1. With unit charges on the beta carbons (Lys and Arg positive, Asp and Glu negative) and the dipole taken about the Cα centre of the chain, which residue among S356, H136, G283 sits farthest to the positive side?
2. Assign one of three labels to the stretch 74-165, namely rounded, prolate or oblate, based on the Cα gyration tensor with a ≥ b ≥ c the square roots of its eigenvalues; rounded applies when a/c is under 1.5, prolate when it is not and a/b is larger than b/c, and oblate otherwise.
3. Would you grab the residues whose amide H sits under 5 Å from the one on F301? Only those 5+ places off in sequence or on another chain, please, with H modelled 1.01 Å from N.
4. Give, rounded to the nearest 20 debye, the magnitude of the charge dipole that the stretch 19-91 has about its Cα centre when Lys and Arg contribute +1 at Cβ and Asp and Glu contribute -1 at Cβ.
5. Using the basic label-point model (7 angstrom from Cα toward the beta carbon), what is the K139 to A276 distance in nanometres?
6. Please list 304-310, 238-244 highest first by mean number of surrounding beta-carbon atoms within 10 Å per residue.
7. P(r) tail for the stretch 69-123, what percent of Cα pairs lie past 19 Å?
8. Apply the a/c threshold of 1.5 to the C-alpha gyration tensor of the stretch 361-415 and tell me whether it is rounded, prolate or oblate.
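Computed from the coordinates by the stated procedures, all read-outs in this text should not be read as laboratory data. Treat the numbers as computed from the prediction; the structure is a model and nothing was measured. Because the Cβ atoms are built from the backbone with ideal geometry, glycine has one as well, and the counts that use them run over all protein chains shown.
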Amino acid sequence: MHRFFALALLLAPCALLPAAQPNILLIVADDLGYADVSFNGCKDYETPHLDALAKSGVICTSGYVSHPFCSPTRAGLLTGRHQQRFGHENNPKWDPADTVAGLPLTETTLPQVLKSAGYATGWVGKWHLGAHPQFHPLKRGFDESYGVLGGGHMYLPRSKGGAEYTIPLDRNGAAEEQTKYLTDHFGDEASAFITRHKGKPWFLYLAFNAPHTPLQASDAWLERVKHIPDERRRTLAAMSVAMDDAVGRAMQAARETGAAENTLVFFFSDNGGPIAVAPCDNGPLRDGKGSVFEGGIRVPFVVSWPAKLKAGSRFEHPVTSLDVFATACAVADAKVPEGVKLDGVNVIPHLSGENSAAPHERLYWRTGGGDSFALRQGDWKWVKPRGADKAMLFNLKDDVGEKTDLTAQKPEVAAELEKAVMAWNKELITPLFQSPRPAGKRTQPAQVKSSN
Ligand code: CA
């Protein structure tokens, strides 16, 4: 009996304590095609660390982003809200004097909310949410920052290029020289952040610019994919493998600090592969970056949390990058400020099987203030592409490639979906700023550069 009571006393306090707040690792790739990771069927190179991450959790086969190109997706991601609600519907031009082109200061960000819940918050990678100092990550909720503040960057040190792509790296607001392959820097910094914050809850937004153009890889990464005959595809593969390795090093740091089990990881690309300008592979999906067909908005998408989610699962219902905010707040027990209307949901009960319903009745897209629209409802997809004079209707269950327009056969479904997307459109505002050039529409293919 004595032994029983001793054991009970030992266990009782543990049972009364709330579960420890999980760490949250949000990994975003840039312009990565749906089929450019081996867990989604990449044909010519391997992404072993991303595969391991996928195996440790849930592959979301219908994982979407809220926009078919860079900056608006990131604005939606960090606010948990449709970015068109607050006018962030285009890419900001690189202009440190521009106080408008950036994530509006009226919006509450995920790191701000997590910080108030006791998290250490860090950003590593690409920002692309405004060049003016008022938009800097340290002003938007991050305790620590390291990376490139524009929409992309040269990968090899001392490369020549435009101003935005050659600015020094930014460490906590101070300029720092790039000394190695950019993706390697990001892997180092992600690992260091995780190690530095051992034993307390942290949130790391690890936003790679890879494999966004310019196509540039170091010889070490090219060696890993030397079997690929086409030079441009080989370079893109090397860039993706470098990113995979950086993810592996971040996960290794999580294991070494005892954080791996209780870390919620999201991984996805900010938009689909830009098939018009880069040798990427969106698998069976139609079109690519810039488009509201599936190839522009459906992306490689993984959620892993070993402490709560079953390893090796697949989830077929649509989920979205807008879900990250609501999910993170729920698991961190962080309070969303009053008056903030989130568009995403906590996906954990759905991914765990506790709630068998689909997380969303509908998902919506709009670009350019109304140039194109799309809506997904169940297996139905309604699309009004840019420049088209009429909308189209597809059943993704039978036709994931959006080849057969069913509008004539199902006019009542098309009308219902159009009505829903136009009702949503009424909640949105006119874009606050314009993109410097249309995303994903460059006419010349990106040039390949490589060296040490
Ligand atoms: Ca992008």
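1. H136
2. Oblate, because a/c is 1.5 or more while a/b does not exceed b/c.
3. C60
4. With Lys and Arg at +1 and Asp and Glu at -1, about 380 debye.
5. So the two model labels end up 3.3 nm from each other.
6. Listed from highest to lowest mean packing, they are 238-244, 304-310.
7. Value for the stretch 69-123 (Cα pairs over 19 Å): 33 percent.
8. The shape class here is prolate.
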